[in-house]
Amino acid sequence: MLDTQQTRRQELATLQEQLEAQRTELPDPLPEIPESTDLAALQHELRSLQKRLQAMEPVNMLALEEHERTQARLEELSQKLATLDEERTELLLRIENFTTLRQRAFKEAFDAVNKNFQTIFAELSDGDGYLQLDDPQDPFAGGLNLVAHPKGKPVRRLASMSGGEKSLTALSFIFALQRYRPSPFYAFDEVDMFLDGANVERLAKMIKHQAQQAQFIVVSLRRPMIEASERTIGVTQARGAYTQVLGLNLQAQSASV
């Protein structure tokens, strides 16, 4: 009997200690519980929540570390994305500036060459001509046309001209380019083949004038072209199967005469 009482006293003391420990965790002051509260319903809900917590187990204790690593990776990728976006914006600006500069340079070159073409074509043919873009608003999307009006003839495009008119128009365009940006030398192979005597003289005079900026090598059988040259090299067929090359310095001969 004494043992039973002593055991109960120990259990009572233990319960009191647990009660005191729980009281320290409870809020102070304690919340008021409404009289209409259904204790059985609360206990049922508590058991339901406990079952839900147990169903979530086992808990991944490494989830926080994985979350931190994923968050760090996300921040790194976000910084790289921001850098790429800035670089993309800079590239687009550079492309826009390059396009603007290219159009400006083309417009400057086109206007200069067109002006030269009009002047040179008038000197070679006593007519008038000009350069025409298929799409002036976007010159790189279309082509370039040579429109010429030889003296005494209607305005025609290059494709509908005769051989001599095509030669004069094409040569006018070449000389127009040369005046804008000269090359070191030019080689012409019988470009005067389809021209009459008067036009050959005009062409020879033009080449002699342009020769002040570059060297011209011209293959020709026409007398006016040969007479206008500074040095002439003739290739003729000698006796037998051999060819003979003769060189004449016409400028020196003219000076001696």
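A short reminder: the numbers here are calculations on the coordinates, not readings from a lab. All figures in this text were calculated on a predicted structure; none of them were measured in a lab. When we count neighbours, we look across all protein chains shown, and the Cβ atoms used for this are built from the backbone with ideal geometry, even at glycine.
What are the semi-axes of the equivalent ellipsoid of segment 184-257, taken as the square roots of 5 times the eigenvalues of the Cα gyration tensor, listed largest first and rounded to whole Å?
22, 16, 13
The slack in the chain from ARG69 to GLN6, taken as 0.36 nm per residue of separation less the alpha-carbon distance, amounts to 16.9 nm.
Given a Förster distance of 51 angstrom, what is the FRET efficiency for GLU90 paired with ALA198, based on the Cβ-Cβ distance and rounded to 0.05? With a Förster radius of 51 Å, E is 0.25.
Dividing the alpha-carbon Rg of the chain by 2.2 N^0.38 Å yields what? Intermediate results must be reported in sequence, preceding the final value.
Working: Rg = 49.9 Å, N = 257, 2.2 N^0.38 = 18.1 Å.
The chain yields a ratio of 2.76.
Counting neighbouring beta carbons within 10 Å and listing from fewest to most, the residues VAL147, VAL191 come out as VAL147, VAL191.
The tail of the calculated P(r) for segment 104-181, taken as Cα-Cα distances beyond 14 Å, holds 59 percent of the pairs. Principal axis extents of the C-alpha atoms in segment 71-224 (largest first, rounded to whole Å): 88, 34, 20. Each of MET61, MET193 was scored by other Cβ atoms within 10 Å of its Cβ. Listed from fewest to most, they are MET61, MET193.
Cβ crowding within 10 Å, taken as a proxy for footprinting-reagent exposure, orders ARG88, ARG222 from fewest neighbours to most as ARG88, ARG222. FRET efficiency for the ASP126 to PHE98 pair, using the beta carbon distance and R₀ = 35 Å, is estimated at 0.25. Loop sites here are GluC sites (Glu not before Pro) outside DSSP states H, G, I, E and B with no more than 15 other Cβ atoms within 10 Å. The longest part of the chain free of them is 36-189.
Whole angstrom only: what separates the Cα centroid of segment 172-194 from the Cα centroid of segment 38-82? Spelled out, the Cα-based centre of one part sits 82 Å from the other.
Using +1 on the beta carbon of Lys and Arg, -1 on that of Asp and Glu, and nothing else charged, what's the dipole of segment 40-108 about the Cα centre, debye to 20? Please report the intermediate quantities before stating the final value.
Working: 11 positive and 13 negative charges, 59 e Å.
Roughly 280 debye, rounded to the nearest 20.
Counting only alpha carbon atoms, the long axis of helix 63-125 and the longest principal axis of the chain meet at about 20°. Simple rule: put +1 on each Lys or Arg Cβ and -1 on each Asp or Glu Cβ in the chain, find the dipole, and look at ALA40, LEU221, ALA122; the Cα lying farthest toward the positive end is LEU221.
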